[in-house]
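Presented below is the structure to which this report refers.
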Amino acid sequence: MDLRKLKTLIDLVSESNISELEIAEADGKVRIVKTPSHHSTSVAPVPAAAPATAAPTAAEAEPLDSAPAPSTGNVVKSPMVGTFYRSATPGSDPFVQIGSVVKVGEPVCIIEAMKIMNEIETDAAGTIKEILCENGQAVEFGQPLFIIE
């Protein structure tokens with residue numbers, strides 16, 4: 001399922017009175033559950049072979065608070081849980097390095113999630129000040145990846 005479509009569904013569930021939504025498509029199922037005590041939304045993939053009554057464990061979709069907030073610049077955060085890669089293929093040049101000038105919408109890294117390579121694009125133009133993750137490192141939802149000035 002497309003990341004933008006998934007984010008739109010999460011936003012719709014968050015803003016509505018719906019407490020749970022399950023979508024089945026050709027490439028799998030997704031269940032979105034709103035937990036009333038935290039006022040947040042959880043997302044968990046559902047295995048295609050699972051019966052409709054199966055209740056998978058849902059991971060909380062909340063940003064990590066353990067990472068220190070940068071003092072200046074725009075922060076590019078991970079939109080999902082996965083593995084961080086600085087380049088499109090092993091051995092190729094990274095998308096960006098410290099000092100690289102980026103434009104809005106330019107890819108800066110890839111996050112592999114569920115065997116799908118997702119290009120992560122900037123939402124701000126500027127110069128890469130810091131790269132906060134190592135190549136091949138596991139990242140969490142909301143984890144800062146880059147700082148752009």
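Where a number appears in this text, it was derived from the coordinates with a stated rule and is not lab data. Note that the coordinates shown come from a computational prediction; the quantities given were computed from them, not determined experimentally.
Things to note:
- By the rule of a C-alpha distance below 21 Å, with chain neighbours fewer than 8 residues away ignored, the lysines paired with Lys29 are Lys5, Lys7, Lys115.
- Sequence-distant residues sharing a close amide H with Ile32 (under 5 Å, placed H): Leu21, Glu22, Ile23
- Contour minus Cα-Cα distance for Lys129 and Ile98 (0.36 nm per residue): 10.6 nm
- Sequence-distant residues sharing a close amide H with Ile120 (under 5 Å, placed H): Val108, Cys109, Ile110, Ile111
- Residues whose amide H falls under 5 Å from that of Ser78, counting only those 5 or more places apart or on a different chain, are Gly142, Gln143, Leu145, with hydrogens built in the peptide plane.
- Candidate aspartates and glutamates - alpha carbon under 13 Å from Lys34, same-chain residues fewer than 8 apart omitted: Asp11, Glu15, Glu20, Glu22, Glu60, Glu62
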